Structure formats: C-alpha cells, structure tokens
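Beneath this line is the structure, given in structure tokens, with notes to follow.
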Amino acid sequence: DVTVECIGDVPAMTNLTWNDNCDGTGSVAGVDGALVGGTCGGTITRTWTYTDACGNIATTTQTITINDTTDPVLDPAPADITVECIGDVPAMTNLNYTDNCDAPGSVAGVDGALVGGNCGGTITRTWTYTDACGNTATATQTITIDDTTDPTASNPPDINTTGAVPAPDPTVVTDEADNCTANPTVAWVSDVSDNGNCPETITRTYSV
C-alpha cells in the first residue's frame with residue numbers, strides 16, 4: 001500500500017506474475033477501481049485477478065491513498081514600505097504561487113483596515129492561496145502611513161501703522177499647500193511685542 005500527494009503521483013500500473021498447477025505461469029495487469037473519497041484523503045483499490053481454465057481465482061489488492069498535505073508556495077511579498085499620504089499607498093499587485101498538485105497561478109492581495117490613522121498608522125496587505133485540499137500559503141506586507149513633511153505658505157506682508165493694531169487675520173497667509181492635505185488650516189498663534197515705544201514691533205505668528 002502507498003500514500004501519494006497528488007492524483008498524478010499514482011504509480012503506473014504493473015503486471016503481477018501468476019503460477020498455476022495446471023496452467024503454468026504468466027502475468028496479468030491490475031485494474032484500478034474508482035477514486036473513493038476524492039483527492040484529499042481518498043483511496044484507489046488496485047486489483048490483480050487471474051482465473052485459471054477451471055474457474056479457480058487468485059486475487060491480490062493494493063490500496064493507493066491520495067492525500068495532499070503540502071502547502072503551496074507564494075512568491076515573496078514586496079518589502080515593507082513607509083509612505084507619506086494615504087494616497088501614496090502602492091497599487092495592489094498579484095503574487096505568483098506554485099503547488100505540488102494544483103497548476104501554478106497568481107492571486108491578488110487584500111488590504112486590512114488602516115490601524116492607527118494617517119499619522120503613523122499601518123495597513124497590512126495579505127496574499128493568501130489555498131489549494132484544493134485546504135493547504136494554505138500566506139505572505140504579508142506592512143505599509144506605514146506617516147506624513148513627516150511640513151506644509152508651506154507665503155508669509156503675509158509686514159504692516160506699518162500709526163493707529164490701532166489690526167486684529168489677527170488668517171486670510172493674509174496665502175499659497176498654503178501640503179503634500180497630503182488638500183486645504184490646510186491656517187490659524188493665528190500669538191502676538192509677541194518687543195515692548196518698544198515709537199516704534200513698537202509686534203511679531204505675529206500664524207500656523208499652517
């Protein structure tokens with residue numbers, strides 16, 4: 001009896017030699033019964049039978065078990081990567097797989113949810129192939145989203161006044177831009193005076 005991984009691994013048919021008290025000797029090929037139980041743990045019964053001229057019968061059998069227990073193999077996943085913006089996450093790619101019993105092919109990955117948000121969070125991209133007998137291969141890539149690039153803006157013009165100091169006005173900051181945020185927020189931060197008198201200089205700071 002023998003156990004093989006794939007239906008294609010079933011050994012070739014062989015002849016068995018027989019001898020008989022009246023008929024002499026010879027050989028006979030076996031006959032395979034149907035696969036019982038499928039290719040994942042099923043069996044084929046191979047039977048050799050010789051019947052002599054007087055109807056006396058000799059029979060012998062071999063049980064061939066087909067049971068695929070070998071995991072498929074995926075190509076390596078792309079290297080882990082860090083990108084600045086959620087929009088920079090690379091496009092999904094397929095990974096090729098091979099299997100001892102199934103034909104080779106390719107499979108697309110699946111992205112898990114973003115864990116931790118856009119500022120240092122991660123996405124786990126997973127490729128999985130499961131063969132016909134439930135053996136599985138998995139590959140993963142970690143994609144980190146971490147925006148470390150400062151936004152930009154044009155400094156507002158200096159103000160010279162002999163009257164009241166104008167109130168802070170974030171709209172005087174122009175051309176604000178950012179690599180990830182379409183419309184960055186401008187806010188007043190502080191006014192810091194040099195405590196002078198004629199002139200007094202106030203440094204007004206905005207944030208983007």
The range 7-32 residues that are under 29 Å from Ala103 (Cβ atoms), paired with ones that are at pLDDT below 95 (beta carbon under 9 Å, 6 or more apart): Ile7/Thr39
Criterion violated by Ala164 - all others in (1) in contact (Cβ under 8 Å) with a residue 60 or more places away in the chain; (2) part of a loop (DSSP other than H, G, I, E, B); (3) among the hydrophobic types (A, V, I, L, M, F, W, C) satisfied: (1)
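Here is a yes/no grid of residues against (1) open to solvent by less than 50 Å² (accessible area, probe 1.4 Å); (2) of a type in the set (Val, Ile, Thr); (3) over 18 Å from Ala132 (Cβ atoms); (4) in a loop (DSSP other than H, G, I, E, B):
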{"position": "Asn19", "(1), (2), (3), (4)": "no, no, yes, no"}
{"position": "Ser27", "(1), (2), (3), (4)": "no, no, yes, no"}
{"position": "Ala34", "(1), (2), (3), (4)": "no, no, yes, yes"}
{"position": "Ala53", "(1), (2), (3), (4)": "no, no, yes, yes"}
{"position": "Ala58", "(1), (2), (3), (4)": "no, no, yes, no"}
{"position": "Thr61", "(1), (2), (3), (4)": "no, yes, yes, no"}
{"position": "Pro76", "(1), (2), (3), (4)": "no, no, yes, yes"}
{"position": "Ala79", "(1), (2), (3), (4)": "no, no, yes, yes"}
{"position": "Gly87", "(1), (2), (3), (4)": "no, no, yes, no"}
The range 89-109, residues that are of a type in the set (Gly, Ala, Ser), under 24 Å from Thr136 (Cβ atoms) and part of a loop (DSSP other than H, G, I, E, B): Ala103, Gly109
Condition broken by Thr122, with the remaining ones in (1) loosely packed, with under 13 Cβ neighbours inside 10 Å; (2) of a type in the set (S, T, N, Q); (3) more than 26 Å from Asp71 (Cα to Cα) satisfied: (1)
Some residue of the range 94-115 being acidic (Asp, Glu) and in contact (Cβ under 8 Å) with a residue 60 or more places away in the chain: no
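The values are calculated or read from the model by the stated rules, or taken from the named source; none is laboratory data. Just so it is clear, the structure is predicted and the values come from calculations on it, not from any experiment. We place every Cβ from the backbone using ideal geometry, glycine too, and count neighbours over all the protein chains shown. Side chains included, ligands, DNA and RNA excluded: accessible areas come from the protein's heavy atoms. Shrake-Rupley method; radii C 1.70, N 1.55, O 1.52, S 1.80 Å.
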